[in-house]
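*Asks:* The following block contains the structure, expressed as structure tokens.
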Amino acid sequence: MSAKRKSKGVEFIRKTWSNMKVQKIIVIITFLFVPLFLLVLFTYLPFFKMVEFSFYDMGYIGSREWVGLDNYIEVFTRDDCLNALKLSGYYLLGSVVQIAIALLFATILSFKPKGSSFFRAMLYFPSLICGISVGFIFKYFYTHGFVLDSIIQLFGIPLDSIPFWLRDTKINNWVLVISSIWRYMGQNMILFIGAIVSVDTTQYDAAAIDGANAWHRFRYIILPSIKTIVIINMILAISGALSVFEIPYVITNGGFGTSTYFVLMDKLAHLNQKVGIASAMAVVLLTLILIVGITQKLVKKYMDSNYSIISSKKRRKSK
């Protein structure tokens, strides 16, 4: 009996393994296990540990003390944290300008004028450069008496009349924002070009018959058709504005009032060994980004519903 049971068990296992559905399930589980394991190990576990650290007064080495919500209260009461959040407004305005410029170039280059391939490559090239390299490029570009000042002196303006671009607190943050626009504009432009190319060209022909000019084509055909990509880029731009790090860190090291939220968080964590406060700042930043993303999705949903209502009314009137 035992031999028969054993043979039946072997036969059952053999049939099970030979079943295509079972093989598919095994292959799926096998290939999913490694990436899921790495995702949990290097993303979710560190995230939950960071949330845990935000409730402690601690450094990387030594004892730690439970302080509850004190770190979060300190984040919203420290002057340097509040000033760092205010600096995100500069980059937020810069991201709006960046997207507007990217839309302009994308619209022009989508209709393939002469030299469009060359200009696409030139405008996209900055986004391929490492952020640290971009920081060093503009650090020497803006340094007093260097590249930018030499160009300005060619127009007869003396060096003493040229401001210190990186030290003057009235202009240095705008200068850094311009560097950020230069780096990321091409990336947004390529995304917009891909979306504009997918628009049905027969709509342009119909608009031309109706006497529509370039602005009308952009407003009533291109912009509604690529609305989703625009909103996605806006979400990414706002998230990036809240988490700017490389350019101010490399160019000014956060000095002269240019310390963004991420730069300050890095200093508190690694230089001052205030891991608890830095972790609380990271959690607050994540919460702000989630709020922005949810808000923009709700706004998009509201705009889509209004657009459908308006279009349905127009159809009724036309009938």
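The values are calculated or read from the model by the stated rules, or taken from the named source; none is laboratory data. These figures come from a predicted structure and were not determined experimentally. Cβ coordinates were reconstructed from backbone atoms using ideal geometry, including for glycine residues, and neighbour counts include every protein chain displayed.
*Asks:* Taking residue 215 as the residue in question, decide whether it is touching a Pro at 6+ places or on another chain (Cβ under 6 Å) and either at pLDDT 85 or above or exposed (fewer than 15 other Cβ atoms within 10 Å of the Cβ) (or both). Spell out how you get there, then give the answer.
*Replies:* Working: touching a Pro at 6+ places or on another chain (Cβ under 6 Å): no; either at pLDDT 85 or above or exposed (fewer than 15 other Cβ atoms within 10 Å of the Cβ) (or both): yes.
Considered against the rule, which asks whether it is touching a Pro at 6+ places or on another chain (Cβ under 6 Å) and either at pLDDT 85 or above or exposed (fewer than 15 other Cβ atoms within 10 Å of the Cβ) (or both), residue 215 comes out as no.
*Asks:* Related question: Of the numbered conditions (1) within 16 Å of residue 131 (Cβ to Cβ); (2) in contact (Cβ under 8 Å) with a residue 12 or more places away in the chain; (3) assigned to a loop (DSSP other than H, G, I, E, B), residue 253 satisfies every one except a single condition; which is it?
*Replies:* It is condition (2) that residue 253 fails.
*Asks:* Could you grab me the full set of residues in the range 98-135 that are charged (D, E, K, R) and part of a helix (DSSP H, G or I)? I'd like the intermediate steps shown before the answer.
*Replies:* Taking the range 98-135 and keeping what is charged (D, E, K, R), we get 112, 114, 120.
Listed by number, the list holds a single entry, 120.
*Asks:* Count, please, the residues in the range 148-167 that happen to be surrounded by 13 or more Cβ atoms within 10 Å (Cβ to Cβ) and free of Cβ contacts under 8 Å to residues at least 60 places away in the same chain. Give the derivation first.
*Replies:* Here is the first cut: in the range 148-167, the residues surrounded by 13 or more Cβ atoms within 10 Å (Cβ to Cβ) are 148-149, 152-153, 162-167.
Now restrict to residues that are free of Cβ contacts under 8 Å to residues at least 60 places away in the same chain: 148-149, 152-153, 162-165.
Count: 8.
*Asks:* Kindly indicate which of 183, 219, 167 is assigned by TED's automatic domain parsing to the domain that holds residue 125, in a helix (DSSP H, G or I) and over 22 Å from residue 120 (Cα atoms). Reasoning before the result, please.
*Replies:* On the way: 183 fails: over 22 Å from residue 120 (Cα atoms); 167 fails: in a helix (DSSP H, G or I).
Of the residues listed, the single one that is assigned by TED's automatic domain parsing to the domain that holds residue 125, in a helix (DSSP H, G or I) and over 22 Å from residue 120 (Cα atoms) is 219.
*Asks:* Of the residues that make up the range 223-244, is at least one over 21 Å from the mean Cα position of the chain (by Cα), within 30 Å of residue 167 (Cβ to Cβ) and not in a loop (DSSP other than H, G, I, E, B)?
*Replies:* No.
*Asks:* Give 74, 65 a once-over and let me know the one that is touching a helix residue (DSSP H, G or I) at 6+ places or on another chain (Cβ under 7 Å) and farther than 14 Å from residue 285 by Cβ.
*Replies:* 74
*Asks:* Of the residues that make up the range 267-290, is at least one modelled with pLDDT of 85 or more, among the hydroxyl-bearing types (Ser, Thr, Tyr), outside any helix (DSSP H, G or I) and assigned by TED's automatic domain parsing to the domain that holds residue 95?
*Replies:* Scanning the range 267-290 turns up no residue that is modelled with pLDDT of 85 or more, among the hydroxyl-bearing types (Ser, Thr, Tyr), outside any helix (DSSP H, G or I) and assigned by TED's automatic domain parsing to the domain that holds residue 95.
*Asks:* Are any of the residues in the range 51-64 exposed (fewer than 11 other Cβ atoms within 10 Å of the Cβ), more than 30 Å from residue 201 (Cβ to Cβ), of a type in the set (A, V, I, L, M) and more than 27 Å from the chain's Cα centre (by Cα)?
*Replies:* Within the range 51-64, one or more residues are exposed (fewer than 11 other Cβ atoms within 10 Å of the Cβ), more than 30 Å from residue 201 (Cβ to Cβ), of a type in the set (A, V, I, L, M) and more than 27 Å from the chain's Cα centre (by Cα).
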